[in-house]
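Enquirer: For reference, the structure I am asking about is given below.
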Amino acid sequence: MLARHVGPGARLVLALSGGLDSTVLLHALAALRARQRYSLAALHVHHGLSPRADDWADFCARLCAGLGVELSVHRVTVARDDPAGIEAAARQARQRVFAAVDADFILTAHHQDDQAETVLLQLLRGAGPKGLAAMAALQPRAGWRAALLRPLLGLARADLAGYAQAHRLAWVDDESNADTRYRRNALRHDVMPRLAAHFPGVGATLARAAALQADAAELLDALARLDAATAVAGDRLDCAALAALPPARARNLLRHFLERRGVTMPSARRLDEALRQLLAARHDARVCVALGHGTLRRYRGGAYWVAPLPAEMSPVRWRGESALGFPAAGVTVHFAATPGAGIRRASLEDGVVTLGVRQGGETLRLHAGGPRRSLKKLLQEHALPPWRRERLPLLLCDGQLVWADGIGIDADWRAAPGEAGLLPRVPDQAPGLSSGV
């Protein structure tokens, strides 16, 4: 598996706990690096949860020094009172470390028995094909610099123990691995041995089942992408297209729509309820279903997932930058130099320019010599959903509205022919929509 994914010159970083599994993987990687021509380093996450945590870090340092492998130790703070549990909190702390690693691959020592336990855990949670696919051998992660690689998934724990014995390796034992209050440990020590007594080779069988479920999940994703090509435009899911699909296919598309927006997948019951509300509502009804850390809403026949408004909505000052980030709206506004078009640059340079959101009472004159109109009325006419109105980027100069994203530039501020102008634009929108010209 390693040769299939790792080419010459690749930079590998191994997540090293000091236990049997990662010690075996470190030893094997160090032995292969000259032939495979990759660079190898290791990292150890010091959770501080065990009184022996310092000893484990010291062991990893000695082990790496003996093999000529560079080691970095990352101390993290794990919230012991995390509502999701201490295991989940420790995993999140590790993943924050992994996300920042500058490498081609981060390797973990998960093996076939771990895969079998993961399948059972997911099955008992009522997971679908994607969950039952368990752990992928190669997994790019959103927001990570490196891809996650698990080269030992084809080997059983007994294979690793045999390798360690043959090479006379030493390792450390985490006492928490014997604590059957943790679900994975209960499966490992109580359930799996009983299953193995009646179903020899259960670990390999469950791992094969995971591979089949991975195939099924890939096909479902392909079908969802096919349906999304005609049903999803930008951040809008067309409810009529959703209603035209058979129920299972509609659920698959909605699940895909939410996953693409980083939403933690709800339970099957919650997903069905969200789908029911989207499809049963009148065309002009406004549906709002809490999902994950945001809401799923219906507006004018479309479904949207809406993140919560940030607590801080303060405006940011523009000082002539070509691009200005506005975290409150989740956008970056770009300013393109446009002679004879856009906003008159000289007028902006004479005032205090800020990028903010609606406070109420703003007006725009969209046409020279025309009336000033309330921004509230213009937003209604442009059919902007209510949640977009709350975070719509607005450019003001000395407190006067100059430009509203998707609406346009105030006519009194437009550059005349031959004048230096600036055209504001949010890049993921069509220029005409963002600039309003």
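Enquirer: Can you confirm whether the stretch 125-138 contains a residue that is touching a Gly at 6+ places or on another chain (Cβ under 6 Å), surrounded by 15 or more Cβ atoms within 10 Å (Cβ to Cβ) and more than 23 Å from residue 2 (Cα to Cα)?
Expert: No - not one qualifying residue is present in the stretch 125-138.
Enquirer: Being in contact (Cβ under 8 Å) with a residue 24 or more places away in the chain and either open to solvent by 60 Å² or more (accessible area, probe 1.4 Å) or charged (D, E, K, R) (or both) is the filter here; which residues of the stretch 183-201 pass it? Steps first, please.
Expert: Of the residues in the stretch 183-201, the ones in contact (Cβ under 8 Å) with a residue 24 or more places away in the chain are 183-184, 187-188, 191-192.
Result: 183, 184, 188.
Enquirer: Going through the stretch 61-80 one residue at a time, which ones are touching a residue at least 24 places away in the same chain (Cβ under 8 Å), surrounded by 15 or more Cβ atoms within 10 Å (Cβ to Cβ) and not in a strand (DSSP E or B)?
Expert: 63, 64, 67, 69, 76, 78
Enquirer: While we're on this one: Among the residues in the stretch 80-97, are any at pLDDT 95 or above and charged (D, E, K, R)?
Expert: Looking for residues that are at pLDDT 95 or above and charged (D, E, K, R), one finds none in the stretch 80-97, hence no.
Enquirer: When only residues in the stretch 274-296 that are assigned to a helix (DSSP H, G or I) and in contact (Cβ under 8 Å) with a residue 24 or more places away in the chain count, which is nearest to residue 384 (Cα to Cα)?
Expert: Keep residues of the stretch 274-296 that are assigned to a helix (DSSP H, G or I), which gives 274-280.
Those left that are additionally in contact (Cβ under 8 Å) with a residue 24 or more places away in the chain: 275, 278-279.
On the way: 275: 23, 278: 19, 279: 21 Å.
Here the answer is 278.
Enquirer: Just give me the residues in the stretch 304-331 being surrounded by fewer than 17 Cβ atoms within 10 Å (Cβ to Cβ) and under 29 Å from residue 238 (Cβ atoms), in sequence order.
Expert: Listed by number, the residues that qualify are 307, 308, 309, 310, 330.
Enquirer: Out of (1) small (Gly, Ala, Ser); (2) open to solvent by less than 70 Å² (accessible area, probe 1.4 Å); (3) out of contact with any helix residue (DSSP H, G or I) (no Cβ under 8 Å at 6 or more places or on another chain); (4) on the phi < 0 side of the Ramachandran plot, the odd one out for residue 42 is which?
Expert: Here residue 42 meets the rest and fails (3).
Enquirer: On to the next question. Do you know which residues across the stretch 320-343 are in contact with a Pro (Cβ under 6 Å, 6 or more places away or on another chain) and more than 29 Å from residue 387 (Cβ to Cβ)?
Expert: Passing the criteria: only 340.
Enquirer: Out of 30, 3, 103, I need the residue that is outside any loop (DSSP other than H, G, I, E, B) and open to solvent by less than 20 Å² (accessible area, probe 1.4 Å). Which one?
Expert: None of the other options fit; the residue is 30.
Enquirer: Could you tell me whether any residue of the stretch 418-426 is under 30 Å from residue 236 (Cα atoms), part of a loop (DSSP other than H, G, I, E, B), open to solvent by less than 10 Å² (accessible area, probe 1.4 Å) and touching a helix residue (DSSP H, G or I) at 6+ places or on another chain (Cβ under 6 Å)?
Expert: There is at least one residue in the stretch 418-426 that is under 30 Å from residue 236 (Cα atoms), part of a loop (DSSP other than H, G, I, E, B), open to solvent by less than 10 Å² (accessible area, probe 1.4 Å) and touching a helix residue (DSSP H, G or I) at 6+ places or on another chain (Cβ under 6 Å).
Enquirer: Can you find a residue in the stretch 36-55 that is closer than 23 Å to residue 154 by Cα, aromatic (Phe, Trp, Tyr) and in contact (Cβ under 8 Å) with a residue 24 or more places away in the chain?
Expert: Checking the stretch 36-55: at least one residue is closer than 23 Å to residue 154 by Cα, aromatic (Phe, Trp, Tyr) and in contact (Cβ under 8 Å) with a residue 24 or more places away in the chain.
Enquirer: Considering only residues that are aliphatic (A, V, I, L, M) and either assigned to a helix (DSSP H, G or I) or without any contact (Cβ under 8 Å) to a residue 40 or more places away in the chain (or both), which ones fall in the stretch 248-273? Talk me through it step by step, then tell me what you get.
Expert: Pass one, the stretch 248-273, residues aliphatic (A, V, I, L, M): 248, 250, 253-254, 258, 263, 265, 268, 271.
If the condition is that a residue be aliphatic (A, V, I, L, M) and either assigned to a helix (DSSP H, G or I) or without any contact (Cβ under 8 Å) to a residue 40 or more places away in the chain (or both), then 248, 250, 253, 254, 258, 265, 268, 271 are the ones that fit.
Enquirer: Here is a further query. Across the stretch 160-182, what is the number of residues that are open to solvent by 60 Å² or more (accessible area, probe 1.4 Å), touching a helix residue (DSSP H, G or I) at 6+ places or on another chain (Cβ under 8 Å) and closer than 25 Å to residue 4 by Cβ?
Expert: 2
Enquirer: The conditions are (1) open to solvent by 10 Å² or more (accessible area, probe 1.4 Å); (2) of a type in the set (A, V, I, L, M, F, W, C); (3) in contact (Cβ under 8 Å) with a residue 40 or more places away in the chain, and residue 384 fails exactly one of them. Which is it?
Expert: For residue 384, the failing item is (3).
Enquirer: Can you name every residue in the stretch 339-359 that is surrounded by fewer than 17 Cβ atoms within 10 Å (Cβ to Cβ) and touching a residue at least 12 places away in the same chain (Cβ under 8 Å)? Break it down stepwise before answering.
Expert: Looking only at the stretch 339-359, we keep the residues that are surrounded by fewer than 17 Cβ atoms within 10 Å (Cβ to Cβ), and these are 339-340, 346, 349-352, 359.
Those that are surrounded by fewer than 17 Cβ atoms within 10 Å (Cβ to Cβ) and touching a residue at least 12 places away in the same chain (Cβ under 8 Å): 339, 340, 346, 349, 351, 352.
Enquirer: Residues in the stretch 206-252 that are closer than 30 Å to residue 196 by Cα and in contact with a helix residue (DSSP H, G or I) (Cβ under 7 Å, 6 or more places away or on another chain): how many?
Expert: Counting residues in the stretch 206-252 that are closer than 30 Å to residue 196 by Cα and in contact with a helix residue (DSSP H, G or I) (Cβ under 7 Å, 6 or more places away or on another chain) gives 7.
Enquirer: Being among the charged types (D, E, K, R), open to solvent by 20 Å² or more (accessible area, probe 1.4 Å), under 27 Å from residue 4 (Cβ atoms) and modelled with pLDDT of 95 or more narrows it down to one residue among 58, 21; which is it?
Expert: None of the others qualify; the one that does is 21.
Enquirer: Looking at the structure I just gave you, is residue 112 within 30 Å of residue 219 (Cβ to Cβ), more than 23 Å from the chain's Cα centre (by Cα) and crowded, with 16+ Cβ neighbours inside 10 Å?
Expert: Answer is yes for this residue.
Enquirer: Further, regarding this structure: Among the residues of the stretch 139-188, write down those that are among the hydroxyl-bearing types (Ser, Thr, Tyr) and either modelled with pLDDT under 95 or part of a loop (DSSP other than H, G, I, E, B) (or both).
Expert: Narrowing the stretch 139-188 to residues among the hydroxyl-bearing types (Ser, Thr, Tyr): 163, 176, 180, 182.
The answer is 176, 180, 182.
The values are calculated or read from the model by the stated rules, or taken from the named source; none is laboratory data. All of these numbers come straight from a predicted model, not from anything done at the bench. Positions of Cβ are generated from backbone atoms using ideal geometry, with glycine treated the same way; all protein chains shown enter the neighbour counts. Side chains included, ligands, DNA and RNA excluded: accessible areas come from the protein's heavy atoms. Shrake-Rupley method; radii C 1.70, N 1.55, O 1.52, S 1.80 Å.
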